[in-house]
1. What does the extension gain come out to for residue 569 and residue 614, with contour length at 0.36 nm per residue minus their alpha carbon separation?
2. So if I place +1 on the C-beta of Lys and Arg and -1 on the C-beta of Asp and Glu, and nothing else carries charge, what would the dipole magnitude of the chain be about its Cα centre? I want it in debye, nearest 20.
3. With the contact rule set at Cα under 8 Å and sequence spacing of 6 or more, what percent relative contact order holds for the stretch 282-544?
4. Pull out a ≥ b ≥ c, the square roots of the eigenvalues of the alpha-carbon gyration tensor of the stretch 467-521, then state rounded if a/c is under 1.5, prolate if not and a/b is larger than b/c, and oblate in the remaining case.
5. Taking neighbour Cβ counts within 10 Å as the exposure measure, how do 511, 343, 241, 31 sort from fewest upward?
6. Could you work out how much longer the chain between residue 212 and residue 545 gets when fully extended? Use 0.36 nm per residue separation minus the Cα distance between them, nm to one decimal.
7. With a cap of 13 neighbouring Cβ atoms within 10 Å, and only residues DSSP puts in a loop, list the chymotrypsin sites (Phe, Trp or Tyr not before Pro) found in the stretch 142-181.
8. Only counting other Cβ atoms within 10 Å, I'd like 599, 36 sorted with the fewest neighbours first.
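Read-outs: derived from the displayed coordinates by stated rules, not from any lab. Note that the coordinates shown come from a computational prediction; the quantities given were computed from them, not determined experimentally. Please note: Cβ atoms are built from the backbone with ideal geometry, for glycine as well, and neighbour counts cover all protein chains shown.
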Amino acid sequence: MPTYLLLIPFLPLASFAFTFLFGKRLGVQSHWVPIIAVLTSFSCALYAFSQVKGGHHVNQDLYTWISSGTMSVSVGFLLDELTSVMLIVVTSISSLVHIYSVGYMKGEDGYYRFYSYLSLFTFSMLMLVLGNNFLQLFFGWEAVGLSSYLLIGFYYEKVSAADAGKKAFIVNRFGDFGFILGLFLIYAAFGTLHYEPIFSNVGQIANQTFTMLGMTFNLPTVIALLLFCGAMGKSAQLPLHVWLPDAMEGPTPVSALIHAATMVTAGVFLIARCNPIFELSITALNVVTIVGSITCLFAATIALTQTDIKRVVAYSTVSQLAYMFIACGVGAYSAGVFHLFTHAYFKALLFLGCGSIILGMHHEQDVKYMGGLKKYMPITYWTFLLASLSISGVPGFAGFFSKDEILSMAFVSNVPAGKFAWFIGTLVAGMTAFYSFRLFFLIFHGEFRGTQKQKDHLKESPRVVTIPLILLAIGAVAAGNFGIPTVIGGNANWGHYLAPVLGHPHAHPSHATELILMIISVSAGAFGIFLAWKMYMKKPEMPQAIRDKYPILYKLSLNKYFIDEIYGFTIVKPVLGLSRKIVLNLIDITIIDSVVNGIPRIIGRVSGSIRKVQDGLVSHYLAYMCGGVVFIIIWMYVGA
């Protein structure tokens, strides 16, 4: 096993152990070990990328983890084109978030604990993408969930943060239940959980069926849909999206690292890695496409009306993740991973930009109390603008290239829902540009709407915060250069690089078709930006007039379609009610308490009765002894 490959995940693991055990003694200096560890991992990831580009791949077991009968699972690493891309994303974003957090988390209680959790998350995510088998992937999958729970609930004394952490953990268990069932079926079908023998022999399960409860099911379709359940939970797709917006209760660096760039993309990575299985089922691909399309539109409509700056970006994340699922659903896996790559930089930049604004606004997050910050925070302004241009799909920026490729592939796809996905994706492209620049104009332009105390506090964030913003801004602009399409003079290098793992799309548009689709998507984005400018810069009275004209639609969007309330009424409340009546009253109080408390009560009563014999009178004791001797003699005589 190459040493550089071992160092990538195990340096963050060692950093977690060291910081958790000794970080409290180091105090404000406890960030150095995690930062050095993750930067070294990033350097090793760059070297790994160069090795893969040079044709050197790794698929090697480190040691046997589980051996039982015919089942054998190892801890092993797989380094190929897909892994190399994910390693760059995870380690680069994590490195910048580690550095940024020095300024953002300064003075926070549990500073060392925060950095130890960041290291644990980085290790977990790296093990997820590096594994060469499904069980190791599942280990990283669950460890990422644990790390997320710890980081979201970092402010554990705050009830909303503690609840958000539990919500993220519980909601993901629903998706993970399907994921586990999918792994069971994979093992039953192939007799192994290692990628190489599964994907090499995947054709043997094509068109296989099985019968359960008198119904016949297609095996590849069921496996793919069960794996998709796990992906829906981790990547916050309908109906398991509700945890991600609430996860904004965690510190802003956590939002950037976990809920924008890395953890939430694990579901996309899972589908991309398992593309040979999904390719066997047009039904599964259609389901992925439809769920992605509906989620894309659903989340975008909510982002239009939110006033908490982190929640706007959070719903934007849900919508952008849905674009990636659309790409995978129409068979354009490399396009989905391309958007994953570009999205990591412009979305992390948006979140960290929000964090810089929150610092400048003295921890204010409501956009209603901002405005005119451009002159106070120029670096944050320009980097936020670049991120907004990128996510809006403006030509020349990273988001333009990846989003355009997804829409083109959806339009020409052979998957039945492809045209529907293209229409929704194009519509949402305009909505994305609108709510992104709505946020931008409300924050940085116009008159300041906050308090005098907040205004006096306004200033640019320290360099330890702004330097990561500048570096991410470079990624938000330049990351798209890896996949410039041939229609505008590029070589489509991205697709060629990932083709050995992800294959080629089902269909390719002609240059004329691709150019027309590109013009349509760019026009949608341009219209969204123009509309935001007109409503929030030129005619600021327009938003209120629209709210007054369509109060029901506005209320639905503002309240997130009351999905949380519906879940609370239909699931949470009934479960809690049954738990109190059956688990608490019947099982806990009636049965368990009766046994646990009843036996000691009986022993106590018997002991109390026997204790009366001990009255302290010697004559009584002699009588008991004599009586006992007489009883023994009689018993021996009768027995004889």
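1. Length difference between fully extended and current span is 10.1 nm.
2. The calculation lands at about 1480 debye.
3. Answer for the stretch 282-544 is 27 percent.
4. Oblate is the answer for the stretch 467-521, as a/c is 1.5 or above yet b/c matches or exceeds a/b.
5. Lowest to highest Cβ neighbour count: 511, 31, 241, 343.
6. This chain segment gains 114.2 nm when fully extended.
7. Taking the stretch 142-181 and a limit of 13 other Cβ atoms within 10 Å, the loop chymotrypsin sites (Phe, Trp or Tyr not before Pro) found are 156.
8. 599, 36
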